[in-house]
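Engineer: Handing you this structure, nothing more for now.
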Amino acid sequence: MAKVFIYPATSLILSDLVARFGHTPLSAAIQIRERIQTPGLDSPPLQITPEEPKKGLKYAAVEVPSGVRGRMSLYGPMIEEAEAAIIINDADYAFGCMGCARTNELIKFLVRSSDIPVLDLNYPKNEEEGEEFVAAIHAFLKRLEESR
Amino acid sequence: MTEYKPLYVGTVTKYVFVESPEMTPGDLAIRAYEISQGVMIKETCFGLQITGKEEDVNAVIGVLRELDPTHIFVKDRGFPPGDPRRCRANLGGARPGYYGHEFEISLIRNVSRGLDSLASRDPEKVPNPPSPESGVALDIRKLKKIIESMEG
């Protein structure tokens, strides 16, 4: 069972398919859950504390806005932990404020710079593309299993 | 700053989405209540949210998936259901994250079709998925026509 980083990290389709084919999806929910279930000082809404941008310094320089570094403290450890990644490139809904947009760019950059297999996809817009989309993810995860 | 005392520590919450011609979220909820052993179930318009110990939640989801394997989809959720930081009852408007689900659910019938056809697919056939490289760029002559039509 490999740990597979998914982008968008909140994707229902990727999260389901990776788990369905017997692997562990690394999604944003796991990191958020870890923070909101840890006692400490109240820091709404996501329990992101001033410590997170400091942890994010591992992935982005100090002059990078704290919003990017705070987000990277969630995603960075998952990218390090990942054994493979699946990226959907036309996920327009992942667009947000400048912090989100820059973090998304940095996530993709870090994934591509790390030495892990990456599957690049777009969303399936019709049933024929859906068949190829699912088959590609299935084949990618199967190869991953065989190479372990 | 005030002290933060988390709720539902040690639990997981998972979304169960159903997008099926043969099953409604209501049908799914009835079946889930029948087999729920100590897990908390919240009905939603798209399916369910199930909260509890990880092994209990996975056991319930495993049974639910069997009802319609290619039309039931599952993902993790960070917050428990009804959390005032995320619940739309407290915030107004759609719940943060809803738009992503709404977008993906609009495409999920294509994924269901892919899952349906996976078993009968020739294993030697190389997949040709939609990818950034496969996109067709806008033809320059077409772009020129669009510009001219706007200027006119």
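Engineer: If you go through region A:61-120 one residue at a time, how many are free of Cβ contacts under 8 Å to residues at least 40 places away in the same chain, among the small types (Gly, Ala, Ser) and closer than 20 Å to B:Gly97 by Cβ?
Structural biologist: Number of matching residues: 6.
Engineer: Okay, next question. Is it fair to say B:Val60 is modelled with pLDDT of 95 or more, farther than 16 Å from B:Phe79 by Cβ and within 13 Å of the chain's Cα centre (by Cα)? Explain how you work it out, then say what you get.
Structural biologist: Working: modelled with pLDDT of 95 or more: yes; farther than 16 Å from B:Phe79 by Cβ: yes; within 13 Å of the chain's Cα centre (by Cα): no.
Spelling it out, it is not the case that B:Val60 is modelled with pLDDT of 95 or more, farther than 16 Å from B:Phe79 by Cβ and within 13 Å of the chain's Cα centre (by Cα).
Engineer: Could you check, for region B:101-119, whether at least one of its residues is surrounded by 11 or more Cβ atoms within 10 Å (Cβ to Cβ), more than 9 Å from chain A (Cβ to nearest Cβ) and in a loop (DSSP other than H, G, I, E, B)? Please lay out each step first, then the result.
Structural biologist: Filtering region B:101-119 down to residues surrounded by 11 or more Cβ atoms within 10 Å (Cβ to Cβ) leaves B:101-118.
Those left that are additionally more than 9 Å from chain A (Cβ to nearest Cβ): B:106.
Checking the rest, the ones that are also in a loop (DSSP other than H, G, I, E, B) come to none.
Looking for residues that are surrounded by 11 or more Cβ atoms within 10 Å (Cβ to Cβ), more than 9 Å from chain A (Cβ to nearest Cβ) and in a loop (DSSP other than H, G, I, E, B), one finds none in region B:101-119, hence no.
Engineer: Could you list all residues from region B:1-22 that are closer than 24 Å to B:Tyr98 by Cα and among the polar types (S, T, N, Q)?
Structural biologist: B:Thr11, B:Thr13, B:Ser20
Engineer: Looking only at region B:84-100, count how many residues are facing another protein chain (nearest Cβ under 8 Å) and more than 22 Å from A:Phe95 (Cβ to Cβ).
Structural biologist: Number of matching residues: 1.
Engineer: Need the failing condition index for B:Pro129 against (1) more than 10 Å from chain A (Cβ to nearest Cβ); (2) surrounded by 16 or more Cβ atoms within 10 Å (Cβ to Cβ), just the number.
Structural biologist: (1)
Engineer: Using the structure shown, decide if A:Thr10 is farther than 17 Å from B:Val12 by Cβ and either within 14 Å of another protein chain (Cβ to nearest Cβ) or buried (at least 22 other Cβ atoms within 10 Å of the Cβ) (or both).
Structural biologist: Against the criterion (farther than 17 Å from B:Val12 by Cβ and either within 14 Å of another protein chain (Cβ to nearest Cβ) or buried (at least 22 other Cβ atoms within 10 Å of the Cβ) (or both)), A:Thr10 does not qualify.
Engineer: Please find, within region A:99-141, the residue that is modelled with the lowest pLDDT out of those that are assigned to a helix (DSSP H, G or I) and among the small types (Gly, Ala, Ser).
Structural biologist: Of region A:99-141, the ones assigned to a helix (DSSP H, G or I) are A:99-113, A:127-141.
In the following step, the residues that additionally are among the small types (Gly, Ala, Ser) were identified as A:99, A:101, A:113, A:130, A:135-136, A:139.
On the way: A:Gly99: 85, A:Ala101: 90, A:Ser113: 95, A:Gly130: 96, A:Ala135: 97, A:Ala136: 97, A:Ala139: 96.
Checking each candidate, the answer is A:Gly99.
Engineer: Which condition number in (1) closer than 21 Å to B:Glu19 by Cα; (2) modelled with pLDDT of 90 or more is the one that B:Lys144 fails?
Structural biologist: Among (1) closer than 21 Å to B:Glu19 by Cα; (2) modelled with pLDDT of 90 or more, B:Lys144 violates only (1).
Engineer: For region B:10-99, list the helices (runs of 4 or more DSSP H) that sit wholly inside it and hold at least 3 residues that are over 21 Å from A:Ile13 (Cβ atoms) and among the small types (Gly, Ala, Ser); which are they?
Structural biologist: Correct list: B:25-35.
Engineer: Quick check on this structure: which one of A:Glu63, A:Glu81 is within 24 Å of A:Val4 (Cβ to Cβ), out of contact with any helix residue (DSSP H, G or I) (no Cβ under 9 Å at 6 or more places or on another chain) and charged (D, E, K, R)?
Structural biologist: A:Glu81
Engineer: Kindly indicate the residue of region A:80-100 that is more than 13 Å from chain B (Cβ to nearest Cβ) and closer than 18 Å to A:Ile48 by Cβ and also nearest to the chain's Cα centre (by Cα) among those meeting that condition. Before you say what the answer is, go through the steps one by one.
Structural biologist: Keep residues of region A:80-100 that are more than 13 Å from chain B (Cβ to nearest Cβ), which gives A:80-85, A:98-99.
Pick out the ones that are also closer than 18 Å to A:Ile48 by Cβ and you get A:98-99.
Working: A:Met98: 18, A:Gly99: 15 Å.
Here the answer is A:Gly99.
Engineer: Just the residues that are surrounded by fewer than 12 Cβ atoms within 10 Å (Cβ to Cβ) and either touching a helix residue (DSSP H, G or I) at 6+ places or on another chain (Cβ under 8 Å) or closer than 30 Å to A:Pro50 by Cβ (or both), please, taken from region B:8-34.
Structural biologist: B:Val9, B:Gly10
Engineer: For region B:125-137, check the following and say yes or no: at least one residue is part of a loop (DSSP other than H, G, I, E, B) and among the hydroxyl-bearing types (Ser, Thr, Tyr).
Structural biologist: Yes: one or more hits.
Engineer: Another question about this same structure. Return the residue satisfying two criteria in turn: it lies in region B:41-56 and is surrounded by fewer than 17 Cβ atoms within 10 Å (Cβ to Cβ) and touching a residue at least 12 places away in the same chain (Cβ under 8 Å), and of such residues it is farthest from A:Arg35 (Cα to Cα).
Structural biologist: For region B:41-56, the residue satisfying everything is B:Cys45.
Engineer: So is A:Pro124 at negative phi, surrounded by fewer than 16 Cβ atoms within 10 Å (Cβ to Cβ) and either of a type in the set (Ser, Thr, Tyr) or without any contact (Cβ under 8 Å) to a residue 40 or more places away in the chain (or both) or not?
Structural biologist: Against the criterion (at negative phi, surrounded by fewer than 16 Cβ atoms within 10 Å (Cβ to Cβ) and either of a type in the set (Ser, Thr, Tyr) or without any contact (Cβ under 8 Å) to a residue 40 or more places away in the chain (or both)), A:Pro124 does not qualify.
Engineer: What are the residues in region A:13-65 that are of a type in the set (Gly, Ala, Ser) and within 14 Å of chain B (Cβ to nearest Cβ), if any?
Structural biologist: Across region A:13-65, the qualifying residues are A:Ser15, A:Ala19, A:Gly22, A:Ser27, A:Ala28, A:Ala29, A:Gly40, A:Ser43.
Engineer: Kindly indicate whether A:Phe95 is surrounded by fewer than 16 Cβ atoms within 10 Å (Cβ to Cβ) and among the aromatic types (Phe, Trp, Tyr).
Structural biologist: In short, yes.
The values are calculated or read from the model by the stated rules, or taken from the named source; none is laboratory data. What you see is a predicted model, and the numbers here were worked out from it, not measured in a lab. Every residue, glycine among them, receives a Cβ derived from its backbone with ideal geometry; neighbour counts consider all protein chains shown.
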